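Asker: Shown below is the structure under consideration.
The values are calculated or read from the model by the stated rules, or taken from the named source; none is laboratory data. Quantities reported herein were computed from a predicted structural model and do not represent experimental measurements. Positions of Cβ are backbone-derived with ideal geometry, glycine not excepted, and every protein chain shown enters the neighbour counts. The accessibility values were calculated without ligands, DNA or RNA, using every heavy atom of the protein model including side chains. Shrake-Rupley method; radii C 1.70, N 1.55, O 1.52, S 1.80 Å.
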Amino acid sequence: MLQSISRQQLITAAMVLIICLTVLQDFLEAGYHHFSFYLSESVLFKTYWLLFIPVCILLRKIFGSMKDRSVFLTLPLFVLTAVPLHLLLYGWSVTGLSFLLLDHTYTVTDTVAYAIAADLYKYLFVYSIIGVVFFRKQAPQETAVPQVQAPLPVDNLCINTGKNNMVIATDSILLITAATPYITIHTADKKQLHTATLKSIMDKLDGHRFVRIHKSAIVNVSAVVSYTSRLNGDYDLRLTNGQEVRLSRNYVSGFRQHLDMRSSS
């Protein structure tokens with residue numbers, strides 16, 4: 001509430017300052033052209049600035065439900081509603097105040113005609129700016145996305161061998177290769193087919209230990225004894241069981257990072 005009142009007071013003060021400046025402009029213009037200057041009439045005709053506040057408050061309530069719609073559709077309707085309403089309020093205000101405070105009364109028709117001739121562009125400009133600010137799309141607030149904890153790597157894999165299921169410790173796996181529609185799991189002394197994909201099996205394994213070395217192969221870094229360059233960007237990896245497997249040049253960087261991590265751990 002205090003913040004709202006403070007903002008309204010600031011806007012009102014800005015409008016009063018604008019009135020003072022425009023009255024000063026009338027005074028300077030009258031002096032330049034050698035016209036008579038009447039302070040009361042100058043202030044009276046500049047009060048249209050203060051009417052932006054009640055008009056905007058009223059239209060804010062009327063158009064509040066349309067904030068979620070396109071600004072290109074609602075802005076023209078807002079401006080075409082605000083400007084005539086402002087002109088009518090201005091005409092009645094000048095007529096009433098001149099009747100009460102001056103020795104002559106300005107008619108509503110003459111006041112509105114004068115405002116259209118002298119200040120219509122100001123109404124259109126100010127209400128267009130107000131409308132753009134009011135109807136602009138609010139950026140959706142960022143909501144905290146709950147962090148989904150990655151599943152822990154498994155210590156054992158259950159391999160379906162047809163009638164039987166075999167449990168293989170992930171520590172014993174040296175290499176996994178694609179054998180579409182299966183994968184082949186290589187241990188020190190045997191190979192075992194398993195119905196899965198390299199991606200699905202990689203999601204279960206320890207990412208610090210197992211690394212992709214080819215689009216169709218995953219290796220256990222701990223099982224690598226040495227690697228030799230083919231002089232074309234590729235490498236040959238030798239595993240603890242003497243088996244050799246190719247390291248593709250596209251996966252060399254990731255493989256070396258895993259080696260470094262294994263060495264430092």
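Asker: Calculate the FRET efficiency for VAL132 and LEU97 from the Cβ-Cβ distance with a Förster distance of 30 Å, rounded to the nearest 0.05.
Answerer: The computed FRET efficiency comes out at 0.40.
Asker: So which aspartates and glutamates pass the test for LYS163, namely a Cα distance under 17 Å, with those fewer than 8 places away in the same chain ruled out?
Answerer: Hits, sequence-local ones excluded: zero.
Asker: If you roll a 1.4 angstrom probe over the protein chains with everything in place, what fraction of the accessible area of the chain belongs to carbon and sulfur, to the nearest %?
Answerer: 62 percent
Asker: So if we plug the beta-carbon distance of PHE72 and CYS20 into 1/(1 + (r/R0)^6) with R0 = 45 Å, what FRET efficiency do we get, rounded to 0.05?
Answerer: 0.80
Asker: Continuing with the same structure: Expressed in nm to one decimal, what extension gain is obtained for the pair LYS199 and LEU39 from 0.36 nm per residue of sequence separation less their Cα-Cα distance?
Answerer: So the extension gain works out to 49.3 nm.
Asker: Continuing with the same structure: Once the other residues with Cβ under 13 Å from the Cβ of LEU87 are scored (Lys, Arg +1; Asp, Glu -1), what is the net sum?
Answerer: -1
Asker: Still on this structure: Using Cα atoms only, what is the angle between the long axis of helix 71-101 and the major principal axis of the chain, expressed in degrees (0 to 90) to the nearest 10?
Answerer: Between the helix axis and the principal axis of the chain, the angle is about 30 degrees.
Asker: How large is ³J(HN,Hα), in whole Hz, for each residue of the stretch 184-198 in order, when computed from phi with the Karplus curve 6.51 cos²θ - 1.76 cosθ + 1.60 and θ = phi - 60°, using x for Gly and Pro?
Answerer: 10, 9, 9, 10, 4, 10, 7, 10, 9, 6, 8, 7, 5, 10, 4
Asker: Now, a different point. Once both labels are modelled 7 Å past Cα along the beta-carbon direction, what's the SER216-GLU29 spacing in nm?
Answerer: Simple spin-label model gives 8.5 nm for this pair.
Asker: Suppose the chain between THR240 and LEU124 were pulled fully straight at 0.36 nm per residue; how much longer would it get relative to their current alpha carbon spacing?
Answerer: 33.6 nm
Asker: Per residue, how much accessible surface does the chain expose to a 1.4 Å probe? Answer in Å², no decimals.
Answerer: For the chain, the per-residue accessible area is 66 Å².
Asker: Can you give me the distance in nm between label points at SER172 and LEU50, each placed 7 Å from the Cα along the Cα-to-Cβ direction?
Answerer: 9.2 nm
Asker: Same structure, new question: Mean projection of the alpha-carbon convex hull of the chain over all orientations, in nm²?
Answerer: Over all viewing directions, the chain projects a mean Cα-hull area of 29.8 nm².
Asker: Let me ask you something else. Could you tally the net charge around ASN250, taking each other residue with its Cβ under 10 Å from the Cβ of ASN250, Lys/Arg +1 and Asp/Glu -1?
Answerer: My count for the surroundings of ASN250 gives +2.
Asker: Using the Karplus curve 6.51 cos²θ - 1.76 cosθ + 1.60 with θ = phi - 60°, work out ³J(HN,Hα) for each residue of the stretch 205-219 in order, rounded to whole Hz, and write x for Gly and Pro.
Answerer: The phi angles translate into 8, 6, x, 7, 10, 9, 9, 6, 10, 6, 5, 10, 8, 10, 10 Hz.
Asker: What whole-number volume per residue, in cubic angstrom, does the convex hull of the C-alpha atoms of the stretch 7-63 give?
Answerer: Spread over its residues, the Cα hull of the stretch 7-63 gives 76 Å³ apiece.
Asker: While we're looking at this one, here's another question. Using alpha carbons only, how many angstrom separate the centre of the stretch 29-43 from the centre of the stretch 222-265?
Answerer: Taking the Cα centre of each part, the stretch 29-43 and the stretch 222-265 sit 91 Å apart.
Asker: Take ASP260 and THR228, extend 7 Å from each Cα along the Cα→Cβ direction, and tell me the distance between the two endpoints in nm.
Answerer: Going by the 7 Å Cα→Cβ label model, 2.6 nm.
Asker: Order these peptides, 80-86, 189-195, by their mean beta-carbon neighbour count within 10 angstrom, highest first.
Answerer: 80-86, 189-195
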